[in-house]
Amino acid sequence: LIDGSVDIAICAAPSPSILEYAKEQNVELELIPIGYEAFVFLNHVDNPVTNLTVEQIRNIYSGKIMFWNEVGGPLRLIYPLTRPEASGSQSAMISFMKGTEIKKNPIQSFGSAIGFSFRFYVEDLVGNSKVKMISVNGIEPTRENIASKAYPITVQFYAVYRKDNSNPNVQKVIDFMLSDEGQEIINETGYVSLK
């Protein structure tokens, strides 16, 4: 998008590094919210931990909580997984941490992992029966809880385009995505519409 090879990108909020790259290229981006999604945390299906608080998750990723038994699980080291900085999920994680530094586990190949992604990828694309989504603050990341914003880490996703894009079809596509029909398609694909 920034380099001009596509007109519209559908994505989570761009990472700081992507925004910096756009600035270096003298490109202004327009972000139009088109739907909602849940930022979710995952662990192995055999891990008895099914719920964590926002504070516990931040403490796990900042290194304050290092063992699953500190949050109701087995006496095993927690291995917090991260993603490459430019990925949408890592950008969401950085935002979720609210300025607290993410610290990697010093013993990287041992323990039981916790990871993160967006609900759509986990539920509709991956479908891995060996991982489960963890409730946050006692609330599951269901479509209903995303729509009502009861799930505490509900985020928007966007149609993004360059402000200097002169293609007249860009606005037509954006308008369609925001129309009743477009919003219904967003629901049908597994996301949650704005309406």
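What translational D, rounded to a whole number of µm²/s, comes out for the range 141-195 from Stokes-Einstein when the hydrodynamic radius is the Kirkwood one over Cα pairs, at 10 °C and 1.306 mPa s?
Values: Rh = 12.6 Å.
Estimated via Stokes-Einstein, D reaches 126 µm²/s.
Using θ = phi - 60° and the Karplus curve 6.51 cos²θ - 1.76 cosθ + 1.60, what whole-Hz ³J(HN,Hα) does each residue of the range 182-187 get, with Gly and Pro shown as x?
Using θ = phi - 60°, the values come out as x, 5, 5, 5, 4, 4 Hz.
Suppose we look only past 16 Å in the calculated P(r) of the range 31-140. What percent of the Cα-Cα pairs does that tail hold? Before the final figure, lay out the partial values.
Numbers: 3534 of 5995 pairs.
Of all Cα-Cα pairs in the range 31-140, 59 percent lie more than 16 Å apart.
Can you work out ³J(HN,Hα) from phi for every residue in the range 68-73, in order, using Karplus 6.51 cos²θ - 1.76 cosθ + 1.60 and θ = phi - 60°, giving whole Hz and x for Gly and Pro?
4, 5, 6, 10, x, x
Mind listing the long-range amide H neighbours of residue 137? Cut-off is under 5 Å, sequence gap 5 or more, other chains count too, H placed in the peptide plane at 1.01 Å from N.
It is 52, 53, 54, by chain and number.
For the chain, count the residues as N, evaluate 2.2 N^0.38 Å, and divide the Cα radius of gyration by that value, please.
For the chain, the normalised Cα radius of gyration is 1.12.
What longest region of the chain stays clear of GluC sites (Glu not before Pro) that DSSP places outside H, G, I, E and B and that have at most 16 other Cβ atoms within 10 Å? Each step should come with its number before you reach the end.
Details: sites that count: 28, 85, 101.
It works out to 102-195.
Diagonalise the Cα gyration tensor of the range 35-87 and give the resulting equivalent ellipsoid semi-axes, square root of 5 times each eigenvalue, largest first, whole Å.
Listed largest to smallest, the semi-axes of the range 35-87 are 21, 14, 11 Å.
We did not get these values from a lab; they are worked out from the coordinates using the rules stated. Since we're looking at a predicted model, the values are computed, not measured. No Cβ is skipped: glycine too gets one built from the backbone with ideal geometry, and neighbour counts run over all protein chains shown.
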